[in-house]
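Some notes on the structure that comes next.
The values are calculated or read from the model by the stated rules, or taken from the named source; none is laboratory data. Bear in mind that the values here come from a model prediction, so they are computed numbers and not experimental data. As a convention, Cβ positions derive from the backbone with ideal geometry for all residues, glycine included, and neighbour counts pool all protein chains shown.
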Amino acid sequence: MANRGYLALGFIFCFLSLFKAQIPQWNQRLNNSSDKSWIDFGFSNDSTPSRKAASPPWAQTYPLAYTDSCGSFFALTPLVNFSLGHELGVDTLRYQNSRGALILAGGRTLKIHTLLMENQAVFPNYQRDFIQKHGEFYFNSNGYTQSNGMVPGEARTKPFKDSGFDYLYARGGFQWAPRKRIMIFGGNQQILIGYGARSLFWGDHNQALILGAQYHITKHISYVSSRGRLYDLLRRPSFEGVESNYYKRGYALNGLVFRWKIHEACLVYQSLWNGGSLTKEARISPYFWVPIPGLNFLDKNTFYQPQIGVCYKIQPTKTLQFYGEVFTRNFIKNTMSFQAGGNFIGKVTQNLYLNAHVSFLHTGNSFYGDTFEGGFSHNNLPLGSLLGNGVDELQIITQWRIKRLQVNHQTHYYKINSPKNIMFLPSTPSNDPIFHSVMEVGVLVNYPSQLLIYLGMDFRTSHNNTLFWSGGIKTALFRNQHAY
């Protein structure tokens, strides 16, 4: 009976998709817009192909979509990742079985999205090792023990069969512009801040609960301020048990953005606020809610050092932009960090579309903190680069598309120097350089949901080299977060 219900639902979606509706598309895989703002929530109108390339009609819109003359819209699409793969030298098959749904709704001044995903997966060895090393910590008489895992950009896990993970997550967010000059946003959505694939101080693998606003002071100046809650997967011993509380902190971001012709620059002040010790929870200071940078120093219980930096972007053409970031943690020695890169988004020829990103990143040896309590981290992961402190990292991400043929590629080369470890990791990362490249070649069945039938290859050099082949069908709306 359940299978008949799913089949009936599929026929309904196919029927409704014949009535094409213009819906703002939501895609967090890459920067979708060549003129994207400093803070990006994933909505875009740029990735819709021509009708000729997108035919038949059901490939042009979400499976269930509705709009009206007032600009209101609603869309629903299934989210899937059904894949099967083989890792060279390993007998056990690797696979992922993910099912969920994405809902989009809103109007001219409001955009809302929410999604739910249930997953069971057996990952390649290097991914499983990383996930397990960032799992939950439980207090015991000898200190802390670690169990379960944390999948970057997704959720904490529980064991599944012998070597797999079972996890469920829900995310959502909104953007509301009640006036022309102001935009209010919130939720536990993945927000991309900065101009590249991720910034030094905030990556889109975070799903922290955040509420903020962007106010346009003048045509060329705007101010962004947000407040949120961070927590790491460490159970406080005074609440020991399955439902014991995690270690929490307040998070504040303030940015002043300047725009002039092809130039854009931003001054950033990012701070943490005391939410209690490792053993006891406490209320956050009322100064936390004031949208002014620097007030964390008025809280006598807060000893965290803020991250301070400058971002800059220049866009010489409609399709090309270059950017840079320079940051420090309160001007402390060995915290200086920087990133430089460029993006190309547009058509190379009449039928060839390219979305490309190249960047080089360096993080200081204690940029994300030098203690667990004062670390800029969430879900046991650094807020910026997943590799954390003391990293030199080169990243190349491209998406090529010719009509319905699409190639997704990511190459990652990095070296870890002598970082301060802000987690209770069981071992020190290797200093050997790592080369990592992932490629997927597939056919797009549906453009807005990025439903892709694909074959993929994952190659990574280390003391145990990885060569992983896979294939399947998925809604490729999210970036590959396994860049480590």
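Taking the stretch 206-219 as the range and being under 28 Å from residue 359 (Cα atoms), among the hydrophobic types (A, V, I, L, M, F, W, C) and touching a Ser or Thr at 6+ places or on another chain (Cβ under 9 Å) as the test, only 210 passes. Do the conditions hold for residue 167, that is, is it within 30 Å of residue 390 (Cα to Cα) and more than 14 Å from the chain's Cα centre (by Cα)? No: the conditions fail for residue 167. Could you tell me which residue of the stretch 87-96 is farthest from the chain's Cα centre (by Cα), considering only residues that are part of a strand (DSSP E or B) and of a type outside the set (Phe, Trp, Tyr)? Filtering first and then ranking leaves 87. Taken over the stretch 123-144, residues that are over 23 Å from residue 87 (Cα atoms) and either in contact with a strand residue (DSSP E or B) (Cβ under 8 Å, 6 or more places away or on another chain) or of a type in the set (A, V, I, L, M, F, W, C) (or both) amount to 6. Among the residues of the stretch 407-417, is any over 19 Å from the mean Cα position of the chain (by Cα) and either at positive phi or of a type in the set (A, V, I, L, M) (or both)? Yes: the stretch 407-417 contains one or more residues that are over 19 Å from the mean Cα position of the chain (by Cα) and either at positive phi or of a type in the set (A, V, I, L, M) (or both).
Residues that are over 24 Å from residue 471 (Cβ atoms), free of Cβ contacts under 8 Å to residues at least 60 places away in the same chain and aromatic (Phe, Trp, Tyr) are absent from the stretch 129-147 altogether. Taken across the stretch 398-406, residues that are surrounded by fewer than 21 Cβ atoms within 10 Å (Cβ to Cβ) and without any contact (Cβ under 8 Å) to a residue 12 or more places away in the chain do not occur at all. Here residue 444 does not qualify as over 23 Å from the mean Cα position of the chain (by Cα), assigned to a strand (DSSP E or B) and of a type outside the set (Asp, Glu).
Selection of the stretch 89-106 for residues being loosely packed, with under 13 Cβ neighbours inside 10 Å and of a type in the set (A, V, I, L, M) yields only 93. Restrict the check to the stretch 120-143 and report whether at least one residue is in contact with a Gly (Cβ under 7 Å, 6 or more places away or on another chain), surrounded by fewer than 21 Cβ atoms within 10 Å (Cβ to Cβ) and within 28 Å of residue 70 (Cα to Cα). No - not one qualifying residue is present in the stretch 120-143. The strands (runs of 3 or more DSSP E) found entirely in the stretch 246-350 that carry 2 or more residues being among the polar types (S, T, N, Q) and closer than 22 Å to residue 209 by Cα are 263-274. Within the stretch 310-330, residues that are within 17 Å of residue 361 (Cα to Cα) sit with their Cβ atoms under 8 Å from residues that are outside any strand (DSSP E or B) and of a type in the set (A, V, I, L, M), at 6+ positions apart or across chains, in these pairs: 325/200; 326/336; 327/200; 327/336; 328/336. Taking the criterion of being modelled with pLDDT under 85, under 25 Å from residue 176 (Cα atoms) and not in a loop (DSSP other than H, G, I, E, B), the residues of the stretch 43-69 that qualify are 43, 44.
Each residue in the stretch 457-469 was checked for being assigned to a strand (DSSP E or B) and either surrounded by fewer than 20 Cβ atoms within 10 Å (Cβ to Cβ) or without any contact (Cβ under 8 Å) to a residue 40 or more places away in the chain (or both), and 5 of them qualify. Determine whether the stretch 362-376 contains at least one residue that is at pLDDT 90 or above, within 28 Å of residue 156 (Cβ to Cβ), out of contact with any His (no Cβ under 6 Å at 6 or more places or on another chain) and part of a strand (DSSP E or B). No, that holds for no residue.
When residue 114 is tested against (1) at pLDDT 90 or above; (2) farther than 30 Å from residue 182 by Cβ; (3) hydroxyl-bearing (Ser, Thr, Tyr); (4) assigned to a strand (DSSP E or B), exactly one condition is not met: (2). Scanning the stretch 440-451 for residues that are under 14 Å from residue 409 (Cα atoms) and surrounded by 21 or more Cβ atoms within 10 Å (Cβ to Cβ) turns up 440, 442. Of all the residues that make up the stretch 261-294, how many are free of Cβ contacts under 8 Å to residues at least 12 places away in the same chain and either more than 28 Å from the chain's Cα centre (by Cα) or on the phi > 0 side of the Ramachandran plot (or both)? Here the count works out to 3. Comparison of 138, 167, 126, 195 shows that the only residue that is touching a Ser or Thr at 6+ places or on another chain (Cβ under 6 Å) and closer than 24 Å to residue 436 by Cα is 126. Within the span defined as the stretch 70-86, every residue fails to be closer than 27 Å to residue 168 by Cα, in a loop (DSSP other than H, G, I, E, B), modelled with pLDDT under 90 and not basic (Lys, Arg).
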